[in-house]
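Read the structure below first, then the notes.
The values are calculated or read from the model by the stated rules, or taken from the named source; none is laboratory data. Quick caveat: nothing in here was measured; it's all calculated off a predicted structure. The area values use the complete protein model at the heavy-atom level, side chains included, leaving out ligands, DNA and RNA. Shrake-Rupley method; radii C 1.70, N 1.55, O 1.52, S 1.80 Å.
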Amino acid sequence: MASITEASLREAITQRLGAIHVEVTDMSGGCGQAFTSLIVSPQFQDLKSLKRHRLVNTALKDEIAAIHAWTAKCQTPQEWEKEKDTAAPSLDVQYTKGNIEDVAGIDLAVETKMCAEIYIIEQDDAKGR
């Protein structure tokens with residue numbers, strides 16, 4: 001799978017979930033390993049939070065498997081209309097691999113080290129080490 005980017009996630013979410021509004025932010029300092037998102041889709045109508053997130057996780061199964069952390073806030077168009085004039089929404093569900101539990105709490109040094117380690121591992125894999 002190619003590198004995961006904000007744009008590739010936004011496109012996949014829009015196409016697979018019929019989203020009318022999508023915000024995706026790379027929280028990993030640009031190395032494409034931790035993302036937060038706001039997804040607004042009519043497909044979330046009449047679904048509780050857990051089922052909304054399962055729908056998203058199923059739609060993005062391959063992408064989520066390729067990254068380190070994933071956080072999503074899922075809203076119906078009506079919910080989004082009610083909240084869009086307020087401050088940025090808190091992101092309520094997070095998928096995390098490894099031991100990092102709070103994407104927003106990762107400091108730049110940890111992000112940089114994480115990106116460097118991922119790069120080294122990928123380079124070693126490419127060289128057959």
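Here are the numbers:
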item: Shape call, the range 10-82: gyration tensor on alpha carbons, a/c limit 1.5; result: prolate
item: Subset of K51/K73; K61/K82; K48/K73 violating a 20 Å alpha-carbon distance limit; result: K61/K82
item: Sequence of H53, H21 from largest to smallest accessible area, 1.4 Å probe; result: H21, H53
item: Added length on full extension, which subtracts the Cα-Cα distance from 0.36 nm per residue, R16 to S3; result: 2.8 nm
item: Gyration tensor verdict on the range 1-48 (Cα atoms; rounded if a/c is under 1.5, prolate if a/b is larger than b/c, oblate otherwise); result: prolate
